[in-house]
Amino acid sequence: NELLDAAKLLADDIVGFLSEIGTTNRKVAVEYVNPSVTHALQQRGLEVVDAVNIVEGARVIKSEDEIACIRWACAVAEHGIARMQESLRPGATEVQLWGILNYTNLANQGGWHEGRMLASGPRINPWLQEATQRVIEPGDLVGFDTDMVGPFGYFCDVSRTFYYGKNPPSARQRQLYQLAYDELQTNMKLIRPGVSMKDLQASACPVPEEFREQAYPCVIHGVGMCDEYPQVKPSFRGPVAYDATLEAGMVICVESYIGAVGERDGVKLEEQLLVTSNGYELLSDYPFDEHLLS
């Protein structure tokens, strides 16, 4: 069929290219291809290995051009976030708010989003529920994660939680927000070159027991053209799986979600950082909600 024929043509091209450059190496690394391509390469006598780890390693340290692209993606996202916050008004739905971020990205030559990650009121707990037609109501917390492939193909991954309403937020809402904020600030202070992933996990802000079941899957993760290596999970979810250290030029995200099982409210916060020679530079600087900082 056509798929198999196309795979054979690709294998022929690769074999021809190896011959042109004069190598006798018969090992090729491939990333995320159809099995028919792997089979066609093997039929031509090539050894096929997984390129995912190789590519992830190559993407860890960002060039100056890549960092400039990430800065621009964050600037576009934060412009969209400001417009979202301005649009919090009676009758607004979750998907309408998220659509403002999406439109801002597209209007500035951005790409796509990994998900429509915005939830409000009882839908903010547990986290990872996508935007719906739910109408946002007074007294709601509204949380979102940009998950945005911006202009030039680079990622902005920032989270904020807003309070909507004329009356003050509840004591519990302020407590949740403060815990998430403190976790973020504590863990950002750990970011500097030479810190191992194991030490980072061991020194990370402890998550109170009542919030552990629904805590975010990772404390930090790499970011570039999407979510990338490395990833450090909370210590109560098991040890770090690999030896690695933070290095200058890495771009990482620091995450927190605080929400107890069975409760209505939760808070999602996330910052994006550039690891520098003596610490870090904050790439995301959108203000936190002063109504919720106790």
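For the reader, a short list of remarks on this structure follows.
- Pick from the range 270-288, criterion modelled with pLDDT of 95 or more and assigned to a loop (DSSP other than H, G, I, E, B), ranking: farthest from Asp182 (Cα to Cα): Ser277
- Positions within the range 203-214 being out of contact with any strand residue (DSSP E or B) (no Cβ under 6 Å at 6 or more places or on another chain) and not acidic (Asp, Glu), in sequence order: Ser203, Ala204, Cys205, Pro206, Val207, Pro208, Arg212, Gln214
- Criterion (small (Gly, Ala, Ser), on the phi > 0 side of the Ramachandran plot and within 19 Å of the chain's Cα centre (by Cα)) met by exactly one of Gly111, Gly153, Gly139, Gly121: Gly153
- When the helices (runs of 4 or more DSSP H) confined to the range 33-131 are screened for residues that are buried (at least 17 other Cβ atoms within 10 Å of the Cβ), those reaching at least 1 such residues are found at 35-43, 64-86, 94-107.
- Applying the condition of being out of contact with any Pro (no Cβ under 7 Å at 6 or more places or on another chain) and among the basic types (Lys, Arg) to the range 180-237 and asking which residue is farthest from Leu274 (Cα to Cα) yields Arg212.
- For the range 233-277, a residue qualifies if it is surrounded by 17 or more Cβ atoms within 10 Å (Cβ to Cβ) and among the charged types (D, E, K, R), and the qualifying residues are Lys233, Glu255, Arg264, Asp265, Lys268, Glu270, Glu271.
- Strands (runs of 3 or more DSSP E) within the range 151-260 that include 3 or more residues closer than 29 Å to His79 by Cβ and assigned by TED's automatic domain parsing to the domain that holds Ile54: none
- Note on the range 278-294: among residues that are hydroxyl-bearing (Ser, Thr, Tyr) and over 17 Å from the mean Cα position of the chain (by Cα), the one that is surrounded by the fewest Cβ atoms within 10 Å (Cβ to Cβ) is Ser294.
- Here Ile100, Ile124, Ile70 are screened, and the one residue that is farther than 15 Å from Gly224 by Cα, touching a residue at least 40 places away in the same chain (Cβ under 8 Å), assigned by TED's automatic domain parsing to the domain that holds Leu246 and not small (Gly, Ala, Ser) is Ile124.
The values are calculated or read from the model by the stated rules, or taken from the named source; none is laboratory data. No experiment lies behind these values; they were computed from the predicted model shown. Cβ atoms come from the backbone with ideal geometry, glycine included; neighbour counts cover every protein chain shown.
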